[in-house]
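Asker: One structure, pasted below without further comment.
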Amino acid sequence: MYMSQEIKKETLAEKVKRESKALRGTLKESLLDEHTGSLRANDQLLLKFHGMYQQDDRDRREERALKKLDRLHSFMIRLRIPGGMIGPVHWEALHNIAGENSTGTIKITTRQTVQLHGILKSQIKPTIKAFDQVFLDSIAACGDVNRNVTCTSNPSASPLHKEVYSYAGEISRHLLPKTRAYYEIWLDEKQLVEKEEPLDPLYKDVYLPRKFKIGIAIPPHNDVDVFTNDIGLIAIIEGNELKGFNVAIGGGLGTTHGNAETYPRLATVIGYVSKKDVLKVVYEIVTVQRDFGNREDRKLSRLKYTVDRLGVDFYKAEVEKRSGIQLQPAKDFKFNTRTDEFGWMQDSLGNWHYTLFVENGRVLDEDNYLLKTCLLEVSKTRRAVFRFTCNQNLILSDIFPKDKALIESILEKYGVIKKTLEASPIRKNSMACVALSTCPLALAEAQRYLPSLIDKIEVLLMKHSLKNDPITIRMTGCPNGCARPYISEIGLVGTAYGKYNLHLGADWEGLRLNQKYKENLNEEQILSELDQMFSRYSKERNAKESFGDYVVRAGILQRN
């Protein structure tokens with residue numbers, strides 16, 4: 001049942017969605033305007049539902065302003081890849097499209113997909129058409145809809161990985177918007193003018209109050225950071241059979257500096273559901289958020305705020321009433337890792353999977369390290385599948401034993417195995433969002449800066465005999481949390497250019513948020529604080545105690 005809300009003050013975003021003609025807006029007209037590289041303001045909002053953002057090169061804003069030129073506008077396109085798996089033909093196409101239409105860099109995101117930056121307005125349609133030729137799309141990769149569904153990435157994680165992974169695709173298809181706008185605007189599908197398009201049964205005419213994220217984890221692996229999602233599904237496997245899922249709701253990390261009403265939150269487990277009922281339960285969790293979510297303040301519109309405002313018990317009861325399914329008590333589960341397992345691993349079928357390190361998810365040829373060229377050569381063998389991890393790394397998977405030597409020889413030829421082996425544990429456990437120069441929300445650097453900061457942090461770790469400790473560190477250029485900094489042992493959240501809030505104390509398993517420790521630190525101050533804490537940690541820690549657990553036990557956060 002759709003329960004329309006009485007909105008006291010309709011926001012611009014809600015008005016644009018409601019009047020968008022099922023996400024069409026005036027996108028076609030905007031694309032035809034050759035006087036600017038930008039789209040009309042309202043169309044920029046609608047573009048997100050099609051998997052794209054309008055951006056500009058912020059490094060060149062001042063220069064162009066002095067010359068009285070328009071900003072250097074371009075577009076980012078993000079693909080919808082449920083579970084993060086594509087074939088070698090898809091990768092080869094992605095490589096070619098990136099080289100022809102974008103900056104050339106392929107960015108692996110923290111949600112198990114890829115995005116391309118720097119696409120000019122005139123190249124949007126050719127780019128989408130090129131992806132369509134290999135059956136890839138960007139539908140609902142952004143916007144106020146369910147976005148890319150993530151799943152534990154490595155097939156060697158469980159003999160039942162294939163079955164669990166299939167739910168990522170099923171859920172994604174189940175929650176896709178029904179409008180044909182994407183196909184009409186970008187792929188020139190003829191609009192059915194003889195009858196009005198029926199109202200989307202899930203999204204209606206106003207879609208969701210805000211973005212919606214779903215992740216699926218296979219214990220003991222929590223590489224998807226399952227509790228950071230609006231819906232987290234934890235696979236329950238008993239007797240080598242997938243029985244169902246524990247269901248968690250209300251996760252989300254985005255905050256706003258200076259707004260105490262905003263906060264990161266980990267999802268709350270509300271029960272267990274059998275695998276035959278999970279799609280229905282997931283669907284109705286979404287409809288409750290559609291009907292009860294805050295549409296008057298976008299900063300308070302995510303599911304986490306709806307859950308806290310209504311109460312977990314009310315939300316659960318409403319889902320049970322709508323679905324007709326009674327959730328059962330949650331089953332026992334245990335997580336012991338969130339990291340990717342680098343190098344070669346063999347699954348229960350005897351196939352091989354190689355996880356390679358991709359710093360901050362940036363696939364490119366740079367500084368004599370030809371990673372992008374290497375992966376193109378791998379794709380042309382047609383002997384490996386490409387899987388993206390939520391830690392921004394890449395798995396070359398499903399390699400038959402007879403083909404392992406061939407793939408390994410290519411990786412050795414380009415130094416990929418050496419690079420992966422030599423990367424320090426803290427570097428392998430680092431993540432950063434795109435931030436500057438393209439993200440319009442960024443206040444500080446992230447992916448361009450974190451590698452050099454880690455160089456200096458590595459010196460500190462060696463100084464205190466901690467170089468082999470796999471401490472998690474994540475950096476974002478703003479408080480929106482795209483690289484999940486609030487659930488890392490060391491989180492750095494940009495506040496201004498060269499300044500970051502320092503967060504400490506998340507656990508190793510992904511069950512505890514960190515806390516803000518110090519505000520607005522520059523590099524020298526960050527390194528000074530970490531130097532002091534590493535010194536204490538090396539001397540005072542218990543056996544096998546993680547850095548995050550030590551920070552909490554030692555009372556460092558409470559004394560701040």
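Readers should treat all values here as calculations from the given coordinates under stated rules, not as data from a laboratory. As the structure is a computational prediction, the values presented were derived from the model and not from experiment. Note: ideal-geometry Cβ built from the backbone for every residue, glycine included; neighbour counts use all protein chains shown.
Asker: If you average 1/r over every pair of different alpha-carbon atoms in region 296-392 and take one over that average, what Kirkwood value in Å do you get?
Answerer: Across region 296-392, the inverse of the average 1/r is 18.7 Å.
Asker: Need the list of lysines near residue 275 for cross-linking: C-alpha distance under 17 angstrom, and skip anything on the same chain fewer than eight residues off.
Answerer: Qualifying lysines at Cα under 17 Å: 162, 243, 331.
Asker: Here's another thing I want to ask about it. Nothing charged except the Cβ atoms of Lys and Arg (+1) and of Asp and Glu (-1): what's the magnitude of the dipole of region 343-420 about its Cα centre? Round to the nearest 20 debye.
Answerer: Numbers: 11 positive and 10 negative charges, 38 e Å.
Taking the Cα centre of region 343-420 as origin, the dipole is about 180 debye.
Asker: Straight-line reach from residue 456: which lysines have Cα under 20 Å away, leaving out those fewer than 8 places along the same chain?
Answerer: Excluding near neighbours in sequence, the set is 419, 428, 467, 499, 518.
Asker: Expected output is a single nm value to one decimal: the length gained when fully extending between residue 346 and residue 299, i.e. 0.36 nm times separation in residues minus the C-alpha distance. What is it?
Answerer: Details: separation 47, 0.36 × 47 = 16.92 nm, distance 4.44 nm.
This chain segment gains 12.5 nm when fully extended.
Asker: For region 427-559, what is the charge dipole size about the Cα centre, in debye to the nearest 20, if Lys and Arg each add +1 at the Cβ and Asp and Glu each add -1 at the Cβ?
Answerer: That gives a dipole near 140 debye.
Asker: Still on this structure: Put +1 on the Cβ of every Lys and Arg and -1 on every Asp and Glu Cβ in region 145-338; which of 259, 151, 249 then has its Cα farthest towards the positive end of the dipole?
Answerer: Farthest towards the positive end: 259.
Asker: Of 331, 456, how do they rank once you tally other Cβ atoms within 10 Å and put the fewest first?
Answerer: 456, 331
Asker: When Rg and Dmax of the Cα atoms in Å is calculated directly from the model, which label among [x] 28.5, 93; [y] 22.9, 70; [z] 23.1, 76 fits?
Answerer: Label of the calculated value: [z].
Asker: Related question: Residue separation times 0.36 nm, minus the C-alpha to C-alpha distance between residue 18 and residue 134: what's the value?
Answerer: 38.5 nm
Asker: Right, here's the next one. Give me the dipole magnitude in Debye, nearest 20, for the chain about the Cα centre, with unit charges on the beta carbon: positive for Lys and Arg, negative for Asp and Glu.
Answerer: 480 debye
Asker: Sticking with this structure for a sec: Can you sort 553, 512 from fewest to most other Cβ atoms within 10 Å of each residue's own Cβ?
Answerer: 553, 512
Asker: Tell me the label-point distance for the pair residue 468, residue 553, using the 7 Å Cα-to-Cβ offset, in nm and rounded to one decimal.
Answerer: Here the answer is 1.9 nm between the modelled labels.
Asker: Do any cysteines in the chain lack another Cys Cβ under 4.7 Å, and if so which?
Answerer: 142, 151, 374, 390, 439, 478, each lacking another Cys Cβ under 4.7 Å.
Asker: On to the next question. Is any residue of region 405-448 close enough, with backbone N under 19 Å, to a label point placed 7 angstrom from the Cα of residue 496 along the Cα-Cβ axis, and if so, which?
Answerer: Counting only backbone N, you get 436, 441-446.
Asker: Any idea which of 324, 389, 303 is furthest toward the positive side of the dipole for region 272-416, if Lys and Arg beta-carbons carry +1 and Asp and Glu beta-carbons -1?
Answerer: Farthest towards the positive pole: 324.
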